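**Student:** This is the structure I have questions about; it appears just below.
The numbers here are math on the coordinates, done by the rules we state, and not lab data. The structure displayed is predicted, hence computed values, not measured ones. Cβ atoms come from the backbone with ideal geometry, glycine included; neighbour counts cover every protein chain shown.
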Amino acid sequence: MPRYRLEYMKKDIARYLSHRELMTTLQRAMKRATFPLTYTMGHHPRPKLSFGPPLAVGVAGLREYMDLELDREISTLEYLQLLNDHLPPGLRAQDLVKLDPGEMSLGKFINCACYRIEAGSAISAISWEQLFNKLEEEYPGLTEGLLKWCANPVEGYLEVLMQEGQGGVSLRTLLDALNQGIGTTLLLPSLVTRTALFHLAKGLLTDPLKKYTRPL
């Protein structure tokens, strides 16, 4: 059966959907858009869908992914438009590609993520390198899970590239550490956007659609 990978955006009011609510919403939209989904066997058959790493409630995602198995090949452009016609505000399908046979699942492929944290005026008043070094003492392994970071004092945001899964750092842990280090409680999930997901191998970052690769 052919497998496809969908890239979608989750922002605005949709950022407050739980992962389960998101799964249900996308599944219903696909049914209404007449996607020829395949189903599991048994008394309670379910569509064969799999998702990338869940987003915490309140966090937006600019490039999120899910895999789906269909019972026939489809026109990706046509079904992308059909899906968008049935998605609620805040959710938008951006790309749909057919996967090659044997392509890695999202769970195995994605091993790092890029987050943008809107920190406002706190950005310019902080030595971020000193802060991360200090937090490492109180949160062992924190900096090991952070692959790269960049503070933009003009636009007031901190961008971090983090490991996902085993060996990674949770976003909640990072926000707790930053709030403690800055001396605030204002850095909330609603100020965070996951801007990209990647596969990191041999110093190269590749997106899940394999449309571009760039150095770490």
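**Student:** Over all distinct alpha-carbon pairs, what is the Kirkwood Rh of the range 97-198 in angstrom? Before the final figure, lay out the partial values.
**Tutor:** Values: mean 1/r = 0.0687 Å⁻¹.
Result for the range 97-198 stands at 14.6 Å.
**Student:** If the limit is 18 Å between Cα atoms, which of 148/202; 10/148; 98/211 go over it?
**Tutor:** Numbers: 148/202 15 Å; 10/148 24 Å; 98/211 13 Å.
Check vs 18 Å cut-off fails for 10/148.
**Student:** Can you give the net charge of the other residues whose Cβ lies under 9 Å from the Cβ of residue 38, counting K and R as +1 and D and E as -1? Each step should come with its number before you reach the end.
**Tutor:** Working: positive: 48; negative: 69, 71.
Spelling it out: positives minus negatives among the neighbours equals -1.
**Student:** What are the ³J(HN,Hα) couplings of the range 79-93, residue after residue, when phi is run through the Karplus curve with 6.51, -1.76, 1.60 and θ = phi - 60°? Round to Hz, x for glycine and proline.
**Tutor:** In residue order, the calculated couplings are 6, 5, 5, 4, 5, 4, 5, 10, 8, x, x, x, 10, 8, 7 Hz.
**Student:** For the range 26-38, take each phi angle, set θ = phi - 60°, evaluate the Karplus expression 6.51 cos²θ - 1.76 cosθ + 1.60, and give the result in whole Hz per residue in order, putting x for glycine and proline.
**Tutor:** Taking θ as phi minus 60°, the curve returns 5, 4, 5, 5, 5, 5, 5, 7, 6, 4, x, 5, 9 Hz for the range 26-38.
**Student:** Can you compute the modelled spin-label distance between residue 81 and residue 50, with each label point 7 Å from Cα toward Cβ, in nm?
**Tutor:** Label-label distance for residue 81 and residue 50, simple model: 3.1 nm.
**Student:** Magnitude of the Cβ-charge dipole of the range 73-216, K/R +1 and D/E -1, about the Cα centre, nearest 20 debye?
**Tutor:** On the way: 12 positive and 17 negative charges, 38 e Å.
Roughly 180 debye, rounded to the nearest 20.
**Student:** Near residue 49, within a Cβ-to-Cβ distance under 12 Å, what is the net charge of the other residues, with Lys and Arg +1 and Asp and Glu -1? Spell out each step's value before the answer.
**Tutor:** Numbers: positive: 3, 5, 28, 31, 46, 48; negative: 67, 69.
Here the charged neighbours net out to +4.
**Student:** Same structure, new question: Comparing 44, 199, 19, which has the greatest mean-square fluctuation in the GNM of the chain with Cα pairs linked when under 10 Å apart?
**Tutor:** Of the options given, 44 has the highest mean-square fluctuation.
**Student:** How big is the charge dipole of the range 3-107 about its Cα centre, in debye rounded to the nearest 20, if each Lys and Arg gets +1 on its Cβ and each Asp and Glu gets -1 on its Cβ? Can you show the working numbers first?
**Tutor:** Working: 15 positive and 13 negative charges, 70 e Å.
Using only the charged Cβ atoms, the result is roughly 340 debye.
**Student:** Which of rounded, prolate or oblate describes the range 67-141 when judged by the alpha-carbon gyration tensor and an a/c cut-off of 1.5?
**Tutor:** Oblate, because a/c is 1.5 or more while a/b does not exceed b/c.
**Student:** Considering Cα pairs under 8 angstrom that are at least six residues apart, work out the relative contact order of the range 100-214 and quote it in whole percent. Mind showing how you got there, number by number?
**Tutor:** Numbers: 167 pairs, mean separation 40.3, N = 115.
It comes to 35 percent, rounded to a whole number.
**Student:** Taking 7 Å along the Cα-to-C-beta vector as the label spot, tell me the residue 182-residue 97 distance in nanometres, rounded to one decimal.
**Tutor:** Each label point is offset 7 Å from its Cα along the Cβ direction, giving 3.5 nm.
**Student:** In terms of modelled amide H atoms, which long-range or inter-chain residues lie less than 5 Å from the amide H of residue 205?
**Tutor:** 214, 216
**Student:** Calculate I(q)/I(0) for the range 3-107 by the Debye formula, one identical point scatterer on each C-alpha and no solvent, and give its log10 at q = 0.19 Å⁻¹ to two decimals.
**Tutor:** So the normalised log intensities work out to -0.97.
**Student:** Roughly what would the spin-label model give for residue 154 and residue 105, points 7 Å off Cα along C-beta, in nm?
**Tutor:** Label-label distance for residue 154 and residue 105, simple model: 4.4 nm.
**Student:** Which shape class, rounded, prolate or oblate, goes with the range 107-160 when its Cα gyration tensor gives a ≥ b ≥ c as root eigenvalues, a/c under 1.5 marks rounded, and past that a/b bigger than b/c marks prolate?
**Tutor:** Numbers: a/c = 3.09, a/b = 1.29, b/c = 2.39.
Here the range 107-160 falls in the oblate category.
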